[in-house]
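The values are calculated or read from the model by the stated rules, or taken from the named source; none is laboratory data. Bear in mind the structure is a predicted one, so any value in this text is a computation, not a measurement. Backbone-built Cβ (ideal geometry, glycine too); neighbour counts: all protein chains shown.
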Amino acid sequence: MVSSLSLAYMFLNTLFGALGAFVLKRGTVKYKFWKLIKTWYFWAGVILYLSATLFYIFALRLEDLTVLFPLNSFTYIWVIGLSYFYLKEKISKWSIIAIVGIMIGITLIGIGS
């Protein structure tokens, strides 16, 4: 059985990873690369990615890699939501199908471990 603490770490890992990508995307719309690295968008994105990595490391101390690694795919679900609601990006039917597949896979991993 997957521990609650490792699931909490993975929740934070995927959320912070998605937020890091979101913040960097917002910055790339406004700035070219050399200006971007001098903005809060860049540094906030880096800090969010670093935080996501730390939560992943904490989770790895508690659980098998074969259980945790597939859970990283939940980041894609966060990114789809953030992109749709805040960046006004269109979501294709294939993205919806992918989300359903990810959710089924995450459920099967939870049941199997």
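Which of the helices (runs of 4 or more DSSP H) contained wholly in the range 1-104 include at least 2 residues that are surrounded by 14 or more Cβ atoms within 10 Å (Cβ to Cβ), hydroxyl-bearing (Ser, Thr, Tyr) and under 10 Å from the mean Cα position of the chain (by Cα)? Outline the logic, then answer.
Working: elements: 4-30, 33-36, 40-60, 65-71, 74-86.
In the range 1-104, 74-86 are the helices (runs of 4 or more DSSP H) which contain 2 or more residues that are surrounded by 14 or more Cβ atoms within 10 Å (Cβ to Cβ), hydroxyl-bearing (Ser, Thr, Tyr) and under 10 Å from the mean Cα position of the chain (by Cα).
Give the residue, chosen from Thr107, Thr53, that is among the polar types (S, T, N, Q) and at pLDDT 95 or above.
Values: Thr107 fails: at pLDDT 95 or above.
The match here is Thr53.
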Output the qualifying pairs, or none if there are none: Cβ atoms under 8 angstrom, residues six or more apart or on different chains, first residue in the range 85-96 and on the phi < 0 side of the Ramachandran plot, second residue basic (Lys, Arg).
Leu87/Lys25; Leu87/Arg26
Every residue in the range 56-77 that is of a type in the set (A, V, I, L, M, F, W, C) and at pLDDT 95 or above, please.
Ile57, Phe58, Ala59, Leu60, Leu62
